[in-house]
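These notes are about the structure you will find just below.
The values are calculated or read from the model by the stated rules, or taken from the named source; none is laboratory data. As the structure is a prediction and not an experimental result, all values here were calculated from the model. Cβ: placed from backbone, ideal geometry, glycine included. Neighbour counts: every protein chain shown. Surface areas here come from the heavy atoms of the whole protein model, side chains and all, with no ligands, DNA or RNA. Shrake-Rupley method; radii C 1.70, N 1.55, O 1.52, S 1.80 Å.
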2 protein chains.
Amino acid sequence: MYSWESDHVQSRQDKREAILATALRLFADRGFVGTPTSLISKEAGVATGTLFFYFKTKEDLIDDLYKRIKAEAAQALCRGLKMEKTGKGKLRRLGNNAVTWGMRNPEKKKFLEMFAHSPFVSAGAQEEGMSHFIFLKDIIHDGIQEGVIRDMDPALLFCMMAAAINGLVSRASVVKDPMERDRIIAEGLDFVWNGMKT
Amino acid sequence: MYSWESDHVQSRQDKREAILATALRLFADRGFVGTPTSLISKEAGVATGTLFFYFKTKEDLIDDLYKRIKAEAAQALCRGLKMEKTGKGKLRRLGNNAVTWGMRNPEKKKFLEMFAHSPFVSAGAQEEGMSHFIFLKDIIHDGIQEGVIRDMDPALLFCMMAAAINGLVSRASVVKDPMERDRIIAEGLDFVWNGMKT
DNA sequence: TCCAGAATTGACTAGTCAGTCAAATATTCT
DNA sequence: AGAATATTTGACTGACTAGTCAATTCTGGA
């Protein structure tokens, strides 16, 4: 079968993408260790050797996914941030963006969670992942300067914000009714906001 | 060598405890899958067969640890709770207890975290684990009745409180200076409290 | 002391999985 | 076209691991 004969046209480089997409799906519901590379390649429609042609090791594949998702998440957090002039506005927008992204990308969120709690994480990837989020420190810092945020340890604020929003998304994800879900998201964001405002 | 000759007197039933303690330590820093049963038995000073004499499978061992730690954590959360008369007092005490326990038992905290994010968790253990925490729902409910807590979804409040405190402990754990650490804990608890109070 | 059952041992098994490699196929360049 | 290079394949290997089991040792009671 030649690609120009197929319904599923797949250029050669797309195999790499197919592997990444399949890996994400499988990792999210079976975990890193519960997902053999053989299964990834099978579900992606490639041979085992092909997977190792594109990724030197399984860990490389995981790290690659991590960096990619982390970068995408950082980008999503920034959506519309420039338009907000006040620190308060920026922070509110940030929270909204975070929740929206988490709700829309459950597999990616799960992956990031698993990665963070996994003991076999390459320190390098961990570090590069965080580098995308430096701008958050600035926003928090500005908020404190403006006096709209309580003067607390910025790293603590960052940790607690992230954790609380994570909890919020987990809770909101199990609520089926869209109206109720929106109400819960609003309540959750209020929780975060009240926690940090002066 | 007979036990009465040894400096490390170890009655027969203590092997079970030795296995559990060793497993906790190893799981906490290598993860479930990164810790072979052979290593657990070796470090606990027993034969491989002995481990499987006390625990039918590796998963049984993990579940057992989980139930035990969960029960202990629930107990720790309750310390001094009876003495508090108001909902506000109870909730403040609760937060303090949670942080204190998390800081004092990093391995157990890590274990619970890993367990929660592990995809191969027995639903039974998960359920029994939660059963120890039903009393929290009541406290939250009382707080809302009293009017000291904002009227929001109790499950959401529970999720976010747990997540935020978890984030707080993570952050506080990396701070070496005791004074600064105490300040951060106080700030963190304020965050949680401000998030939920009316 | 002797026995029955509980506890303990560690060599062994059966299976799994990450990663290799030589051969085959496709693509690009001249 | 034909050579050179890039990609793809899947059978295979070597390492590792959960769990077994027959044999041995320990323990408490008669």
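Just one of (1) modelled with pLDDT under 90; (2) closer than 28 Å to residue B:190 by Cβ fails for residue A:170. It is (1). Does residue A:147 qualify as being of a type outside the set (Phe, Trp, Tyr) and open to solvent by less than 20 Å² (accessible area, probe 1.4 Å)? Taking the combined requirement at face value, the residue does not satisfy it.
Evaluating residue B:34 against the criteria (1) away from chain A (no Cβ under 14 Å); (2) within 11 Å of DNA strand D (Cβ to nearest atom); (3) surrounded by fewer than 17 Cβ atoms within 10 Å (Cβ to Cβ) leaves one unmet condition, (1). Within the range A:144-198, being polar (S, T, N, Q) and closer than 22 Å to residue A:116 by Cα holds for A:166, A:170, A:173. For the range A:63-79, the count of residues that are free of Cβ contacts under 8 Å to residues at least 60 places away in the same chain, assigned to a helix (DSSP H, G or I) and within 16 Å of DNA strand D (Cβ to nearest atom) is at least one. Just one of the listed residues (A:20, A:24, A:51, A:39) is under 20 Å from residue A:103 (Cα atoms) and either out of contact with any Ser or Thr (no Cβ under 8 Å at 6 or more places or on another chain) or within 12 Å of DNA strand D (Cβ to nearest atom) (or both), and it is A:24. Just one of the numbered conditions (1) touching an Asp or Glu at 6+ places or on another chain (Cβ under 7 Å); (2) within 25 Å of residue A:159 (Cβ to Cβ) is not true of residue B:183: (1).
Scanning the range B:155-182 for residues that are more than 8 Å from every other protein chain (Cβ to nearest Cβ) and of a type outside the set (A, V, I, L, M, F, W, C) gives B:173, B:176, B:177, B:178, B:180, B:181, B:182. Does the range B:82-92 contain any residue that is part of a helix (DSSP H, G or I), under 19 Å from residue B:161 (Cα atoms) and within 14 Å of chain A (Cβ to nearest Cβ)? The answer is yes, given that some residue of the range B:82-92 is part of a helix (DSSP H, G or I), under 19 Å from residue B:161 (Cα atoms) and within 14 Å of chain A (Cβ to nearest Cβ). Applying a threshold of 7 Å to beta carbon distances and a minimum spacing of six or more residues, or different chains, the list of pairs starting in the range B:44-59 at a residue that is within 14 Å of another protein chain (Cβ to nearest Cβ) and without any contact (Cβ under 8 Å) to a residue 40 or more places away in the chain and ending at one that is among the β-branched types (Val, Ile, Thr) and more than 7 Å from DNA strand C (Cβ to nearest atom) reads B:58/B:37.
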